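We did not get these values from a lab; they are worked out from the coordinates using the rules stated. What you see is a predicted model, and the numbers here were worked out from it, not measured in a lab. Every residue, glycine among them, receives a Cβ derived from its backbone with ideal geometry; neighbour counts consider all protein chains shown.
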Amino acid sequence: MAEKVNPYKDSDASKKKQVTQMFDTISNEYDGLNRVISFGIDVKWRNKVVEMVAKTKPENILDIATGTGDLAISLTSTNAKEIIGLDISDGMLEVGRKKINSKNLDGIISMVIGDSEDLPFEDNTFDAITVAFGVRNFEHLEKGLAEILRVLKPNGIFVILETSVPTNPIYKAGYNVHTKLIMPTIGKLFSKDKVAYNYLSESASLFPYGEALNNILRKIGFINVIDLPQTMGVATIYSASKA
Ligand SMILES: C[S@@+](CC[C@H](N)C(=O)[O-])C[C@H]1O[C@@H](n2cnc3c(N)ncnc32)[C@H](O)[C@@H]1O
């Protein structure tokens, strides 16, 4: 079971409400700060997700927790006819809509407000579903994953990109300095929300990864579950499918 970490320690609001408020607040700075904090490697990881999805030649794709839409935009290279980016934060979606519009991709990508735990789609709708850096923000992880399984078509592909913790002690020491010191400091200096980057780093270090997340996916009913650690294990790509 994933440990519950909320953005605002002294708030009684649900995790979902706090997460929505936090991403609404940081939406305009998200892309810039993200690139700095990840040294731009996040772009490479997202491209790998796109490659894996492209191999399955999907006609339609759902990108959950799409945020400002970077993965949804990259997924257009799969030649899918329809891509839906879904997110709970309208602030993040609005930034994404502007990017999509400036790239003339409105005909392919639609940005939809919604909750991963109650997806507004019929069963067996999508050939491929992706979530990048989203699952650790779900209030009820298993409920969100069960909804994803429900709307994925049989034989469809589900790909998660999420932070993880390096197992090698030397890499882990570097990772700890980065997440516990550098990330919160950058957040404090440059973010509109002084605690957002504490939450993002704390939730990253406590979220299940590798075999632990594989087992949760299998328990929900996904098959062909594999995990592919990236860049010394600081992020992991998970691939799964539906029987
Ligand atoms: C760290 S951002 C990742 C955005 C984007 N996928 C990326 O790779 O940059 C996490 C996103 O998850 C969204 N999110 C959190 N909980 C959600 C939920 N229950 N349903 C849909 N989106 C959610 C947040 O609003 C936020 O935009």
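Worth pointing out:
- Taking each residue as 0.36 nm, the span from Ile186 to Lys9 lengthens on full extension beyond its C-alpha to C-alpha distance by 61.7 nm.
- Build a GNM of the chain with springs between Cα atoms under 10 Å apart, and of Thr125, Thr179, Thr231 the one that fluctuates most is Thr231.
- Fluctuation leader among Thr76, Thr66, Thr167 - the chain, Gaussian network, Cα springs under 10 angstrom: Thr167
- Helical content of the chain, expressed as a calculated mean residue ellipticity at 222 nm, amounts to -13000 deg cm²/dmol (DSSP H runs of 4 or more residues, -39,500 (n - 2.57) each, divided by residue number, nearest 500).
- Label separation (Lys98 vs Ser110): 2.4 nm, computed from points 7 Å beyond Cα along the C-beta direction.
- In the chain, the sites counted are trypsin sites (Lys or Arg not before Pro) in DSSP loop states with at most 15 other Cβ atoms within 10 Å, and the longest stretch holding none of them, exclusive of the sites, is 104-191.
- Once you reduce the stretch 84-137 and the stretch 165-239 to the center of their Cα atoms, the two points are 22 Å from each other.
- Relative contact order (%) - the stretch 86-243, alpha-carbon pairs under 8 angstrom, separation at least six: 23 percent
- Estimated from the Cβ-Cβ distance and a Förster radius of 30 angstrom, the FRET efficiency linking Val195 and Thr76 is about 0.30.
- If both residues of a DSSP beta bridge must be in the chain, then about 40% of such bridges are antiparallel.
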